[in-house]
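Structure record follows, encoded as structure tokens.
The values are calculated or read from the model by the stated rules, or taken from the named source; none is laboratory data. Quick caveat, the model's predicted, so the values are computed rather than measured. Because the Cβ atoms are built from the backbone with ideal geometry, glycine has one as well, and the counts that use them run over all protein chains shown.
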Amino acid sequence: MSKLVRKSHKISGLIYLYVCPAKYRRVVIDKEVDEIIKGTCLEIEKRYETQFLEIGTDKDHVHFLIQSIPRYSPTRIIQMIKSLTAREVFRKAPKVRQRLWGGEYWSVGYFVSSVGQKGSEDTIQKYVKEQGKEEEYQQLMDSNSSYLMNARWLGDTRSLLRGGFILKVDLGDSNY
């Protein structure tokens, strides 16, 4: 759980969710690479004023829930994480370099969103923690009437994940 960061002249509580796909969305994250990424992130915590609240990996992308200080912009944080983790993955798992041509581990793009401390941090933390686990997709409406098709339920929190956005759903008295 995050805490407010107190410095001599400021107090901050900045939390970001990042989603970083591997280059070409290749399936290159296995147990070995997962451990390398997590170990590297723990070293980043020691050197920079960031805290990894959760790290969730899937086969072709990684979710980072990070708390940082205002000195580092969201762009600077992800540049630091992507460059250091890529270097370590290529150094410690050379077989990954064979699957990715061009010498780059991460895709150029990424998703970043700020996370509120009170209400949604727990929901986001649970979502990141469950990455890589098979979950059921539930079709809510037919294909002609909704963009909520194939939305993923986030446990019993009555929240949906669709395209990187968390949608709160009021189901009324239904038994979902």
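Data for the structure
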{"read-out": "Residue selected from region 53-68 under the condition closer than 14 Å to Leu42 by Cα and of a type in the set (Val, Ile, Thr), by the criterion surrounded by the most Cβ atoms within 10 Å (Cβ to Cβ)", "value": "Ile66"}
{"read-out": "Search result, residues across region 69-83 that are without any contact (Cβ under 8 Å) to a residue 40 or more places away in the chain and buried (at least 18 other Cβ atoms within 10 Å of the Cβ)", "value": "Tyr72"}
{"read-out": "All positions within region 19-42 that are touching a Leu at 6+ places or on another chain (Cβ under 8 Å) and under 15 Å from Thr85 (Cα atoms)", "value": "Ala22, Lys23, Val28, Thr40"}
{"read-out": "Filtered residue count, region 44-53, keeping only those that are touching a residue at least 40 places away in the same chain (Cβ under 8 Å) and of a type in the set (Asp, Glu)", "value": "1"}
{"read-out": "In region 92-104, residue farthest from Leu42 (Cα to Cα) [restricted to those that are of a type in the set (Lys, Arg) and surrounded by 12 or more Cβ atoms within 10 Å (Cβ to Cβ)]", "value": "Arg99"}
{"read-out": "Residue in region 46-55 that is more than 18 Å from the chain's Cα centre (by Cα), in the same structural domain as Pro94 (by TED's automatic domain parsing) and either at positive phi or not in a helix (DSSP H, G or I) (or both) present", "value": "yes"}
{"read-out": "Subset of region 7-22 (residues that are surrounded by fewer than 10 Cβ atoms within 10 Å (Cβ to Cβ) and not in a loop (DSSP other than H, G, I, E, B))", "value": "Ile11"}
{"read-out": "Output for region 105-118, where each listed residue is surrounded by fewer than 12 Cβ atoms within 10 Å (Cβ to Cβ) and out of contact with any Phe, Trp or Tyr (no Cβ under 7 Å at 6 or more places or on another chain)", "value": "Val108, Gly109, Gly116, Lys118"}
